[in-house]
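The next block holds one structure in the form of C-alpha cells; read it before the comments.
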Amino acid sequence: MPTLRQHLAQRHSIELRVFAQNQGILPDEAEGEDLLTALEQQMLNPRHVRDVWAALPEAARRALAELARREPGIPAPAFQRKFGELRRMGPGRLQTEQPWKTPVGPGEILWYLGWITRGFQKTPEGMIEYISIPADLVQLLPLDEIAPEAKPATLSPTPTPAASRDLGELLLDDLGTILAYVQNHQVWLRSNGGWRMRDLQRLLPRLRLSTIRKQPLEAGGPLHLIFFSAKKLGLLETRQRRQRFGKALRPWLEQSRAAQMLSLFQTWRLADDWNDLCLTPGLRCQKGAWRNDPVLARKALLARLAAVQPGAWFRLDDLIAMIHEHDPDFQRPDGLYDTWYIQNAAGDFLRGFEHWPAVEGRLIRYLWQGPLFWLGAVALDDGGEAWRLTPQGETFLQENAPSSTPAAPILRVLEDFSIVLAPHIGLWDRLRVALFSFWQASEPAYRYRITRRGLQRAARRGVSSQRILDFLQRASGDALPDKVIKALEAFSA
C-alpha cells in the first residue's frame, strides 16, 4: 500500500483542492509542494483523523474497516460493487460535474476525502487494481469502534436426511475394474485417444458407479475423471494406439487403498488441466484472451469445506448463498465479471456479476454433486441438495492417508469355483484374481469364476496354477474347497 504522500502526489491539482476543502484547509493557502505538505500534516494528525471519522456515515466507516482487514486491499471491481462506483473523470469533467458534491456511495465519500487510493499491483494472477487505505493513515483510524458484521461466514446445519449416499471408495473400485479390463484385453484407441464403443459396452456393466452407466461419455463425468486420473498418475498410457499399463502402476498398486484414494483426490485437487468450470454441465467456455485458474477456485472452495462441522448436514443452497455473500470472487481475484467468455446451454453469454448464480453458483453445485461426491469426500441426500463432509473427506483435506492393514480373508472361494471378493481387497490382489478368472458380477460384491481359459491365460503370462493355489490359500485363510484344490493341482500336473 502506498503512503499518504505517495497517494497525494499522484492526484490532479483539482482533486487536491477538493481534498483540502474536505479536510478543512483553504485551498488558496497553499499550492504545489506546499499544498501536499499541508494536506499530509493535516490528514495524519490523530486528533483531526478522529474528528473526520466521527463525521463519516456508518457505511463509509464499514468500508474502511473492510479495507483495513484485507491485504493489500480490495480489488477495485469488488469494492465498487459493495461501496459504490468510483467514477473516473478528467479535469474538465471534474470541474463541470463536481462529483464530490453528489457522491454515488460511501466509496466516493472516502475518495474525495483523500482517504482511499487505487493502483495496480502485480500478483500471481496478473496485474490487479486494488482500492486501499494509505499505509500511514490506516494506523490512525479507530477501527475498533466498528462492530463485527452481523452475519458470520458460517453455515447452519440442517436435519439429517432420511436417506443418503456415500460413495466411499467406489471410484477406486471402478478404476480397478478398468485396470483389470486392460490387463486381460487388447484395448485399441480411437484417433482422439478415447476408448472404442465396443470396449466401453463390455466395460460398463462391470462398473459400480451408476452415474457412469447412465452417462458414460459425459465430459466431466466420473468415467472421464477416472481416465484423467489414471493417465495423470501414470497408471495408464497410450503406446501404438493401444491402452497399456504405465510404469507408475506397480508402485501405486502396492499402496494401501486409503493412500490410493488420497492420490486420486490430490490429482484432481492440483490439476490445472482439469477445468471444472468448463466441464460444469450447462456452461460452455469459448476461446479468447482469457483464462481461469481451476486450482485457485478449488483451493478457496476446499477451504470452505474444511471449515464445516464434520458429520453435520448442510444445504447446498445455503453454501452457495454464503459464498456469494462473503467470498464471491473466489475464482476471479481481479473481481472482473465481463472478461470471461462463458455461455449457457441456450448460447447466451453470461457476463456481469448478475450472472454469478449461473456461473459460480453452478460451478459450486457441480463440484459438490460431482468430483467431491464421486471421490467420497462428501455424502449427499437422495436429491443431491443436502451434504456432509465424510471422514474420508476429512483425511483428504488434512492430506493424510491413514495406514491400515487389510483384514483377512480378502476373498471366499465357493464349491462352484466362484470367487467372492471382500470389499477391502486391495487392487493388486484384485488384478491377480482377474488374471486367472472371469468376471461374473460387481453387485452386491465382486464375483469372479475360475475357468480353464483363465488358468491358461495366466500360464501364458508365466503364472502357474501352483502359484494361483498358494495365493488362494493365503487370501481365503486356508478355506479352499477340496474340489478347487484338486482341480488346480490337476491342471498343473
### Task
State which residue is farthest from Arg206 (Cα to Cα) when the search covers only segment 391-437 and only residues that are of a type in the set (Gly, Ala, Ser) and buried (at least 21 other Cβ atoms within 10 Å of the Cβ).
Gly393
### Query
Pick from segment 263-273 the residues that are in contact with a helix residue (DSSP H, G or I) (Cβ under 6 Å, 6 or more places away or on another chain) and among the hydrophobic types (A, V, I, L, M, F, W, C): which of them is surrounded by the fewest Cβ atoms within 10 Å (Cβ to Cβ)?
Trp268
### Query
Which residue out of Asp174, Asp199 is assigned to a helix (DSSP H, G or I), in contact with a Leu (Cβ under 6 Å, 6 or more places away or on another chain) and of a type in the set (Asp, Glu)?
Asp174
### Summary
With the first residue restricted to segment 271-292 and required to be within 17 Å of Ala358 (Cα to Cα), and the second required to be among the β-branched types (Val, Ile, Thr) and not in a loop (DSSP other than H, G, I, E, B), Cβ contacts under 8 Å at 6 or more apart or on different chains are Leu277/Ile342; Leu277/Val359; Leu283/Ile342; Leu283/Val359; Arg284/Ile342; Cys285/Ile342; Gln286/Ile342
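Out of the residues in segment 235-254 that are touching a residue at least 24 places away in the same chain (Cβ under 8 Å) and in contact with a helix residue (DSSP H, G or I) (Cβ under 8 Å, 6 or more places away or on another chain), state the one that is surrounded by the most Cβ atoms within 10 Å (Cβ to Cβ). Even if it seems obvious, please write down each step before you answer.
Going through segment 235-254, the residues touching a residue at least 24 places away in the same chain (Cβ under 8 Å) turn out to be 235-236, 238, 241-245, 249, 253-254.
Subsequent filtering for residues that are in contact with a helix residue (DSSP H, G or I) (Cβ under 8 Å, 6 or more places away or on another chain) retains 235-236, 243-245, 249, 253-254.
Values: Leu235: 25, Leu236: 22, Gln243: 22, Arg244: 14, Phe245: 18, Leu249: 22, Leu253: 18, Glu254: 12.
Step by step, filter segment 235-254, then rank; the result is Leu235.
Taking Gln41, is it touching a strand residue (DSSP E or B) at 6+ places or on another chain (Cβ under 9 Å), of a type outside the set (Ser, Thr, Tyr), assigned to a helix (DSSP H, G or I) and surrounded by fewer than 19 Cβ atoms within 10 Å (Cβ to Cβ)? Quick ask: steps written out before the conclusion?
On the way: touching a strand residue (DSSP E or B) at 6+ places or on another chain (Cβ under 9 Å): no; of a type outside the set (Ser, Thr, Tyr): yes; assigned to a helix (DSSP H, G or I): yes; surrounded by fewer than 19 Cβ atoms within 10 Å (Cβ to Cβ): yes.
Answer is no for this residue.
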### Query
If you go through segment 93-112 one residue at a time, do you hit one that is within 27 Å of Val295 (Cβ to Cβ) and in contact (Cβ under 8 Å) with a residue 12 or more places away in the chain?
no
### Message
Could you list, ordered by first residue, the pairs with Cβ atoms under 8 Å in which the first is in segment 57-70 and assigned by TED's automatic domain parsing to the domain that holds Pro134 and the second is of a type in the set (Asp, Glu) and surrounded by 17 or more Cβ atoms within 10 Å (Cβ to Cβ), at least 6 apart or interchain?
### Response
none
### Message
Would you confirm whether or not segment 144-165 contains a residue that is more than 31 Å from the chain's Cα centre (by Cα), over 30 Å from Thr117 (Cβ atoms) and in a loop (DSSP other than H, G, I, E, B)?
### Response
no
### Task
Kindly indicate whether Thr267 is in contact (Cβ under 8 Å) with a residue 12 or more places away in the chain, within 12 Å of the chain's Cα centre (by Cα) and closer than 26 Å to Arg196 by Cα.
yes
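The values are calculated or read from the model by the stated rules, or taken from the named source; none is laboratory data. Because the structure is predicted, anything quoted here is derived from the model rather than measured. All Cβ positions, even for glycine, are placed from backbone atoms using ideal geometry, and neighbour counts span all protein chains on display.
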